[in-house]
Amino acid sequence: MLKNYFKIAWRNLFANKAFSFINIAGLAIGMACTMLILLWVYNERSWDETNKNYSTIYHAMCNRNFNGEITTGPDMMFPLAKAAKAKFPEVQHAAVVSFGENTLFTTGDKMVRKKTITTTDDFFNIFSYDFIAGSPGAIKNPDALVLTESTAKALFGNSNVIDQPLKINNGRTAYVKAVIKDVSRNNTVQFDAIVPFNLSLPQVKAQENEWVNCNNRVFVQTQGSVNVAGLEKKILDLIKEHSPSDNPTTRGSVILHPMNKWRLFEEFKDGKNTGGRIEYVNLFTIIAFIILLIACVNFMNLSTARAGKRAKEIGIRKTLGSERTQLFGQFMSESMLLSLLAFILALAILGIFIPAFSTLLNEDIVVPFSNPMLWFYLAAMVLVTGFISGSYPALYLSAFNPVKVLKGTFKIGNNAIMPRKILVTAQFIVSILLISATIIIYQQIQHVKSRNLGYNPNNLLLVTASGDANRNFVALKNDLLQTGLVDAVSRTSSPITDIFGFTSGVSWTGAPRQNNLVIGFFFADEDFAKTVNAKILEGRDFQSGDSNTVIFNKEAIRLMGIASPLGKEISWAGNKKRIVGVIDNLVMSSPYEAASPTMISYENKWTGSINVRLANKADVGKAIPVVENIYKKYSAAYPFEYSFADDDFNLKFNSEQLISTLSVIFASLAIFICCLGLFGLVSFTIEKRNREIGIRKVLGASVQQLLLLMSKEFLVLVGIAFLIAIPAAWWGMNEWLTNFNYRIQVNGGVFVAVGLVTLVIALVTVGLNATGAALKKPVTTLRTE
């Protein structure tokens, strides 16, 4: 009997090609979208799981009072790891890990710059990596280098690299002692090379007893399950034992952030974990199932809509003795067959789009075929999709009265039509929600991009400075200015698009006794404000001959409460410094937050970045080679590396732009699936009303009147969907926008535009089908009837 069910289902598949195509295509696209989204969700939820100590690894973080607000930071003091491991039996391993920097490696005539982290001995005891050559113990050698496989190949090709020497930043020589497989992009700690902290170096030796300044990360691995809250308090007490009372770290609390939350629960507010990326993961999980449900709804609509065509078949089967359960099995077998065929097509679609999807996300999206649960979930998807798609049509069709059907008195009443209307309306509600969300996310990103940054990022070239470029900076600057392509040049210790340093050590006359002021700082030299186009509100820019001078931004002066700041002295890092200028607030960190209070201290002996302001009329394509040639003239031993400030600033929007792009893709697909179902539904509705259309044409109805008649029913459904979806979209997007201090107000015009777009899409979908019927000659229609 089961074989017979599928044989008849196969015949029906080819007997109704258009119906089968629409159903299979709709289900396949829905399944492919669902699988694609769920693969991304799986990837996000499995971040860092390649570490064998996944459940016992923690990142030590600290809550600090920044100007009255509790801010959670990942930076901790250097001696904490060693002291915590020695004092607390709960801590099995602890490692200090730098934030990473781009390091220049040189061997012979090859120069390669790679992201490098500096670590202590316990690093490989905590984190898991596959060693191709060497062993984890290599990190104990102070002159060792551990390279990833791709870095080793870039420097040495396929030759044996163990014990090969490499110059680091054209300075000291280190030796390759181990090679590991490339770090997966799905790991939080990213690097291309590892060097150990060399305690014989003065700058490292100085950190051994430095309990105030925090310039590194600290990771700990616990002895199995421990009382995390208790350990956090012990670590804070340990910091207090070794720190002066004015250490801002001691005025807060310690957080041990578990590895399983690093990726998805990365946001903190007022010292508490408030979520983060998990919100998007949960949102798109819901969207995945909604898209699949939309595809299933199409199947239900089309199957019940064409019930009239199968009414006589059902009547004859029942007359010949078929029971309702047998008919239910027949229709469910057809649904399962369509679901299976749609799944096969969905796998083909998935295989085509996974590489592009991985590139879009900049993540390693792979299908975990070796995971037995995957096959269980895939089988469940086929069965559940087939069951959901076919259950209502099977129950509806198998309930037909054979007497009425065979006498020709059977009619599809409102009880059958109403569920179809509800399902179509639900489809459009979801589509309107997705389109509205996409537009508002885009508006928020554009709003922040157009924000006044306090400087001009356009035509601002950021060049990585080398030691040679610093030593020859005056000559390099003069040569650049003489080209006519450059308006100004200055140096800063960090890029203008970020703040690397924060300090609580600034004091001034009139400062409160309990001074909680924490401000960002960086160093700069002559013509800083001129180069970045920062607006000077009071005083002047840095100039030649300056010494121990500082410039504050407006926010810092406001928080410090200094009236008439020019010429006033402040104390910082054991030195007296004179305020020579006040500039407008610079947005250097998060573009969604208020500008941080910032201090710029004069320094002309070293730097990290050379800022080059290209002339407004300069041809950028011609200017870059000129700047490069001059740079190489004074720094031949280093590669010329640069970026544009506006490009670096735009990188801050990666997460929101990714969500916006995904929303556009899946909203478009949801609309497409809706239209596919609507197209099929309209075609069956028109087929049912062919005779009516013919009679109306004979009686003088115009094509426009017929189109309006056939469109009205569906446009009313779109209108109802609009009225339900818009309040939900308005509420949801307002909630999302509360995550940002600098944000737009939701404009009602967005929803009007979405409504019009949805209406046009529905009109086009209905019109494509209805026009043919409206133009058909009534004689042909009536004769056929």
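Some observations on this one:
- Restricting attention to region 723-751, the residues being open to solvent by 60 Å² or more (accessible area, probe 1.4 Å), touching a helix residue (DSSP H, G or I) at 6+ places or on another chain (Cβ under 9 Å) and over 28 Å from Asn452 (Cα atoms) number 1.
- Region 508-523, subset open to solvent by less than 40 Å² (accessible area, probe 1.4 Å) and either assigned to a strand (DSSP E or B) or touching an Asp or Glu at 6+ places or on another chain (Cβ under 6 Å) (or both), residue farthest from Ile562 (Cα to Cα): Phe522
- Listed by position, the strands (runs of 3 or more DSSP E) enclosed by region 563-671 that each have at least 1 residues that are open to solvent by less than 50 Å² (accessible area, probe 1.4 Å) and more than 23 Å from Gly545 (Cβ to Cβ) are 598-602, 609-614, 642-644.
- Residue selected from region 463-475 under the condition surrounded by fewer than 17 Cβ atoms within 10 Å (Cβ to Cβ) and among the small types (Gly, Ala, Ser), by the criterion modelled with the highest pLDDT: Ala475
- A search for C-beta distances below 8 Å between a residue of region 224-244 that is on the phi > 0 side of the Ramachandran plot and any residue that is of a type in the set (S, T, N, Q) and assigned to a helix (DSSP H, G or I), counting only pairs 6+ apart in sequence or on different chains, returns Gly224/Thr56.
- Note on region 23-45: among residues that are of a type outside the set (A, V, I, L, M, F, W, C) and within 23 Å of the chain's Cα centre (by Cα), the one that is farthest from Leu669 (Cα to Cα) is Arg45.
- Val682 fulfils the conditions (1) at pLDDT below 75; (2) of a type outside the set (Lys, Arg); (3) open to solvent by 60 Å² or more (accessible area, probe 1.4 Å) except for a single criterion, (3).
- Filtered by the rule that a residue be acidic (Asp, Glu) and surrounded by 13 or more Cβ atoms within 10 Å (Cβ to Cβ), region 149-181 gives a lone residue, Glu149.
- Among the candidates Asn478, Asn452, the residue that is in a helix (DSSP H, G or I) and surrounded by fewer than 16 Cβ atoms within 10 Å (Cβ to Cβ) is uniquely Asn478.
- Considering region 323-369, and only residues there that are of a type in the set (D, E, K, R) and not in a helix (DSSP H, G or I), the residue that is most open to solvent (accessible area, probe 1.4 Å) turns out to be Glu323.
- Among the residues of region 49-61, not a single one is open to solvent by 30 Å² or more (accessible area, probe 1.4 Å), in a strand (DSSP E or B) and touching a strand residue (DSSP E or B) at 6+ places or on another chain (Cβ under 7 Å).
- Scope region 88-102; condition under 32 Å from the mean Cα position of the chain (by Cα) and acidic (Asp, Glu); matching residues: Glu101
- Given (1) closer than 27 Å to Ser507 by Cβ; (2) polar (S, T, N, Q); (3) in contact (Cβ under 8 Å) with a residue 60 or more places away in the chain, index of the condition Thr250 fails: (3)
- Residue in region 524-545 that is open to solvent by 10 Å² or more (accessible area, probe 1.4 Å), among the polar types (S, T, N, Q) and in a helix (DSSP H, G or I) present: no
- Filter result (in contact with a helix residue (DSSP H, G or I) (Cβ under 9 Å, 6 or more places away or on another chain), over 17 Å from Phe500 (Cα atoms) and part of a strand (DSSP E or B)) within region 65-105: Asn65, Val91, Gln92, His93, Ala94, Ala95, Val96, Phe105
- Inter-residue pairs, beta-carbon under 7 Å, first farther than 14 Å from Ile29 by Cα and touching a residue at least 40 places away in the same chain (Cβ under 8 Å) and in region 330-358, second aromatic (Phe, Trp, Tyr) and open to solvent by 50 Å² or more (accessible area, probe 1.4 Å), 6+ apart: Ser333/Phe6; Leu337/Phe6; Leu337/Trp10
Residues are listed down the side, and each one gets a yes or a no for (1) surrounded by 16 or more Cβ atoms within 10 Å (Cβ to Cβ); (2) within 22 Å of Val506 (Cα to Cα):
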residue	(1), (2)
Gln203	no, no
Phe219	yes, no
Gly224	no, no
Ile239	yes, yes
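- Hits in region 510-549 - residues which are among the hydroxyl-bearing types (Ser, Thr, Tyr) and within 36 Å of the chain's Cα centre (by Cα): Thr531
- Flag if Ala556 is open to solvent by less than 10 Å² (accessible area, probe 1.4 Å), within 37 Å of the chain's Cα centre (by Cα) and closer than 28 Å to Asn63 by Cα: yes
- Restricting attention to region 481-507 and to residues that are part of a strand (DSSP E or B) and out of contact with any Ser or Thr (no Cβ under 9 Å at 6 or more places or on another chain), the residue that is farthest from Ile600 (Cα to Cα) turns out to be Val486.
- Where a residue in region 74-97 is of a type outside the set (D, E, K, R) and its partner, wherever it lies, is open to solvent by 40 Å² or more (accessible area, probe 1.4 Å) and in a strand (DSSP E or B), with Cβ under 6 Å and at least six apart: none
- Helices (runs of 4 or more DSSP H) fully within region 128-243 counting 2 or more residues that are over 30 Å from Ile365 (Cα atoms): 202-205, 228-242
The values are calculated or read from the model by the stated rules, or taken from the named source; none is laboratory data. All values derive from a computational prediction rather than experimental measurement. Virtual Cβ from ideal backbone geometry, glycine too; neighbours counted across all protein chains shown. What goes into the accessible areas is simple: the full protein's heavy atoms, side chains included, and nothing from ligands, DNA or RNA. Shrake-Rupley method; radii C 1.70, N 1.55, O 1.52, S 1.80 Å.
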